Amino acid sequence: MTPNSEAGSETGDLPVADGRESWRHLAALLRRQAAMLTAATVVLLLGSATSLLTPILLGQIVDEVLDDGQLVDVAVRAGLVAGTGALSAALLLVGGRLLVVCLQRALAELREEVFAAAVRLDQRLVEDAGTSDVVSRVTGDVEAITQSVSSVLPRFVQAAFVIVLTLVGLVALDPWLALAALVAVPVEVLTTMRFLRRSRPLYRRLRREEAARGQTIIESVRGSDTVVADRAHTQHLARISLRSLTAVETQRETTQARNRFNGGLNLGEFLGLAAVLAVGFWRVADAGLTVGAVTAAALFFHRLFAPIGSLLSSIDDLQRAAAGLGRLVGVLLVDPDSAIRREVADAGISIRSLTYRYRPDADDVLDEISVDVPAGGTAVLVGASGSGKSTLAQLIAGVLVPRSGEVLIGGVPAAEAWCGDRRAVLLVTQDTHLFAGTLADNLRLADPDASDTDLWSALDTVEADWAHRLEGGLDAVLGNDLDDARIQQLALARVLLADPAVVVLDEATAHGGVDGALDGAVDAVVRGRTAVIVAHRFAHAETADRIVVMERGRVVECGSHGHLVRREGGAYARLHAATLGR
Ligand SMILES: Nc1ncnc2c1ncn2[C@@H]1O[C@H](COP(=O)(O)OP(=O)(O)OP(=O)(O)O)[C@@H](O)[C@H]1O
């Protein structure tokens, strides 16, 4: 990973690309749209050039009127003003649209790359940085860039073209008038430099603070059970308020900076226009310049200001987009292959003195856990909601990495455990997700090389009889009408296809309902592997090698069903009795 130059300590370690890195990436994406980009540039240049004719024609109309010219000449020129105005508007519209299309295409590619990289990120890095940091990059930052790409950038490019061509026109009309117009330049430059110096760090701070606020909200919602149990509403609300207030305060500072910037721009415009009119007065009196020419120059200058204002105020949005781009490209800087792979000796699980907290400043949710599951054995985790079962399951699956103690699969840390070219351990949760595509697409995520026969065999093993009734079979496009239990069956079929040595099922049968419709599928998936099952019912506990009973992040009992259920007053016996009594 490249060093993180921008991410603050508050949001951990996800890198942010610097300007050069972001530009290099953007340029590579734009090169793929070279033809359309060239067409857009040519059309925009033509549109800007055509728009220059309007002030010249209006100046000529002024001279015609002052010289008592023919009405028909005035009318012809007025017609030309309307015609060139319409042509210029049409060209600028078409050029702007072309530009938006190629920028949107480039952005779509970037978004796909970033999304693909985000889902491959090391979970520990994501947790350290704060989940909401990743989420805000693929949502808020993408939104800031999309907005710039769709409206700000085309406006910026158009404005830049109009400014350059208008300056050329002004010099051609009368160099003294062009010189007078330059009075505005130092005011504009100083105002802009001051604004850039002030706003750049402000925008970055704002994005960080918004991410931190999002993270606090996510944590409070995720841990709502504990918040309610500990009666910690007030503290959590206070933390959210504090983070929100900090972000609002920074937002206020950015608005203030922007207002000062706009005031500076207006002052520059006033000084420049006054100078052009004063010099124009002198040039008409002493150098024989026509009133029409000075009118054209004043209009040129005035016209210059709309694009200058638009260009300079676009800088504001472009900076926000640039900050977002740096954060997006930063996700691409994380090397997904940096994860260490180590071959496991066998499929046994060994957990030693494991303690875990989600954030360095949070409380421990697991405390000194030590459990062994021999290769091929099954352990069932039971306990009240919030006791830490899912956290332990994720640590065993290597999705989370211990902060203290160890979780070993076949002698190597779970997150680094591989069997040949596959991960040694796989986690299935109750979060059912159907991926867009066909039945085969949903299954081949686990093994892209699986044959149709392999897919049918996996489906039959998890008792997914419904798949045979689908029109189109494996090529049937799956839709929202597939219920959660069926989607869960697909997840279990994927385990068979991925064929890991160790499987962790976190409430993976929850959608099977109380009658245990998925129990047969789970038995099939567990057969021949080491398994850890987080159970919401006791179906698998009765046949498991060992049951691990958890309370408030600790293991309070461990043993077989027969042994634990007979322990009078024991935690498992109580849970079991409570479930039967339901
Ligand atoms: N991503 C997270 N960030 C912060 N805290 C979390 C996160 N996930 C869980 N927690 C907290 O960790 C503690 C243990 O939660 P965990 O989900 O592991 O328990 P559980 O026994 O699986 O509960 P349930 O049966 O309700 O799923 C709880 O206090 C929970 O609020």
Candidates ASP372, ASP335, ASP346, ASP364, filtered to the one that is out of contact with any helix residue (DSSP H, G or I) (no Cβ under 8 Å at 6 or more places or on another chain) and at pLDDT below 85: ASP335
Any hit, region 172-184, residues being at pLDDT below 75 and part of a helix (DSSP H, G or I): no
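Could you look through region 224-236, keep only residues that are in contact with a helix residue (DSSP H, G or I) (Cβ under 8 Å, 6 or more places away or on another chain) and assigned to a helix (DSSP H, G or I), and pick out the one that is farthest from the ligand (Cβ to nearest atom)?
Out of the qualifying residues, it is HIS233.
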Return the residues of region 438-457 that are over 13 Å from ASP499 (Cα atoms) and aliphatic (A, V, I, L, M); say none if nothing qualifies. LEU439, ALA440
Could you tell me which residue of region 194-223 is nearest to the ligand (Cβ to nearest atom), considering only residues that are modelled with pLDDT under 80 and over 18 Å from ILE145 (Cα atoms)? GLY223
Can you name the condition, by its number, that GLU368 falls short on among (1) within 16 Å of the ligand (Cβ to nearest atom); (2) crowded, with 21+ Cβ neighbours inside 10 Å; (3) at positive phi? (2)
Can you find even one residue in region 247-268 that is under 30 Å from THR391 (Cβ atoms), within 16 Å of the ligand (Cβ to nearest atom), in a helix (DSSP H, G or I) and modelled with pLDDT of 85 or more? no
I'm told ALA345 meets every condition in (1) assigned to a loop (DSSP other than H, G, I, E, B); (2) within 16 Å of the ligand (Cβ to nearest atom); (3) surrounded by fewer than 18 Cβ atoms within 10 Å (Cβ to Cβ) except one. Can you identify the failing condition by its number? (2)
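So, in region 497-522, of the ones that are in a helix (DSSP H, G or I) and within 16 Å of the ligand (Cβ to nearest atom), which residue ends up modelled with the lowest pLDDT?
HIS511
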Kindly indicate whether any position in region 171-188 is β-branched (Val, Ile, Thr), within 30 Å of TYR356 (Cα to Cα) and more than 17 Å from the chain's Cα centre (by Cα). no
Of the numbered conditions (1) free of Cβ contacts under 8 Å to residues at least 60 places away in the same chain; (2) surrounded by fewer than 21 Cβ atoms within 10 Å (Cβ to Cβ), LEU354 satisfies every one except a single condition; which is it? (2)
Among the residues of region 565-579, which ones are surrounded by fewer than 22 Cβ atoms within 10 Å (Cβ to Cβ) and in contact (Cβ under 8 Å) with a residue 12 or more places away in the chain? GLY570, ALA571, LEU575, HIS576, THR579
Condition test on LEU392, is it within 9 Å of the ligand (Cβ to nearest atom) and not in a loop (DSSP other than H, G, I, E, B)? yes
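Yes/no matrix, rows are residues, columns are (1) under 30 Å from PRO360 (Cα atoms); (2) within 30 Å of the chain's Cα centre (by Cα); (3) without any contact (Cβ under 8 Å) to a residue 12 or more places away in the chain; (4) part of a strand (DSSP E or B):
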site	(1), (2), (3), (4)
LEU408	yes, no, no, yes
HIS433	no, yes, no, no
PRO448	no, yes, yes, no
TRP456	no, no, no, no
LEU459	no, no, no, no
ALA467	no, no, no, no
GLU471	no, no, yes, no
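The values are calculated or read from the model by the stated rules, or taken from the named source; none is laboratory data. Just so it is clear, the model here is predicted, and its values are computed rather than measured. All Cβ positions, glycine included, derive from the backbone under ideal geometry; neighbour counts span all protein chains shown.
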